[in-house]
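The next block holds one structure in the form of structure tokens; read it before the comments.
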Amino acid sequence: MKKPERIRRLDERLRAVGVLHLRDAAQHLDVSEMTVRRDLASAPELFSYLGGYILPAGSERASTYRLDAEFDAHAEAKEAAGRAAARLVEPDDTIFIDCGTTTPRMIDHLPVTGRLTVITYAMNIATRLAGRPNTSLILLGGLFHASSQSFSGEEALRSLERLGISKAFISAGGVHAQYGITCSNFHEVPVKQAALARAAVAYLVVDSSKIDKIKPAYFARREQFARLITEADA
């Protein structure tokens, strides 16, 4: 099925149901979720995308949602980096997965044998993990930030103090040899730093567009990570 026909069918389906999950759209069109995201990006006059859901263009909520606006940027590189990171996870690990637009790409590639435990403070990570076989989910609570689909506050930090983490997979908006590891949102910093402090080993997971960039919120030194994982590792 060619793209114009997919867009037409997706538009018809959306008009019929009002809102459509990305997974359901992919099944409806018999294509991958990445193909649907590319189709959405090519037709902004028809569609908005918010938290895994497709809405009609012009949605007031979608216009304020930054994470989804960034989700398709460097999508193939992020997919490859997430896949490479997931290969480091063993079936019985207890892992921390950071918020962002690259770390969610790990989920489909995590092991389904054994008993994996995943700790996160990101709603988009938790949503993808819900109902996944042989996986225990620990969602850290607190104040919800829609812009990054993440929680922050003392509740999350107190929870992390009681948890053991074998491997932490941390995202970043900037990776710089001199000025360290940075992100865009200051509310993420305490949780990232707490996860780094609790983890036996930490990995930095980014696509290569983040290299040599500096964002406003500093949270770590490069030496705190055992390895930098990008799409090159795939």
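The values are calculated or read from the model by the stated rules, or taken from the named source; none is laboratory data. Keep in mind that what you see is a predicted model, and the values were worked out from it rather than measured. No Cβ is skipped: glycine too gets one built from the backbone with ideal geometry, and neighbour counts run over all protein chains shown. All accessible areas refer to the heavy atoms of the entire protein, side chains included, with ligands and DNA or RNA removed. Shrake-Rupley method; radii C 1.70, N 1.55, O 1.52, S 1.80 Å.
Quick notes
- Integer Hz, Karplus 6.51/-1.76/1.60 couplings in order for region 220-234, x for Gly and Pro: 7, 9, 4, 5, 6, 10, 5, 6, 9, 10, 10, 4, 5, 6, 7
- Distance from region 141-176 to region 185-213 (C-alpha centre basis), Å: 9 Å
- Computed over the chain with a Gaussian network model linking Cα atoms closer than 10 Å, the most mobile of Gly114, Gly180, Gly141 is Gly114.
- Relative contact order of region 166-234: 43 percent, from C-alpha pairs under 8 Å at least 6 residues apart in sequence.
- Cα-Cα pairs of region 111-165 separated by more than 18 Å (percent): 36 percent
- Counting only DSSP beta bridges whose two residues both lie in region 152-234, roughly 40 percent are antiparallel.
- Net charge of neighbours whose Cβ lies under 11 Å from the Cβ of Ala26, counting Lys and Arg as +1 and Asp and Glu as -1: -1
- Candidate residues Glu5, Glu223: accessible-area rank, largest first, probe 1.4 Å: Glu223, Glu5
- Geometric extent, Cα atoms of the chain - Rg, Dmax (angstrom): 17.9, 53
- Per residue, the average separation of C-alpha pairs within less than 8 Å and at least 6 apart gives the chain a relative contact order of 17 percent.
- Adding -39500 (n - 2.57) for every DSSP H run of four residues or longer, then dividing by how many residues the chain holds, sets the calculated 222 nm ellipticity at -9500 deg cm²/dmol.
- Electrostatic dipole magnitude of region 105-221 [Cβ: Lys, Arg +1; Asp, Glu -1; Cα centre; debye, to 20]: 200 debye
- Under Karplus coefficients 6.51, -1.76 and 1.60, residue-wise ³J(HN,Hα) of region 88-100 in Hz, glycine/proline x: 7, 8, 9, x, 9, 5, 10, 10, 10, 10, 6, 6, x
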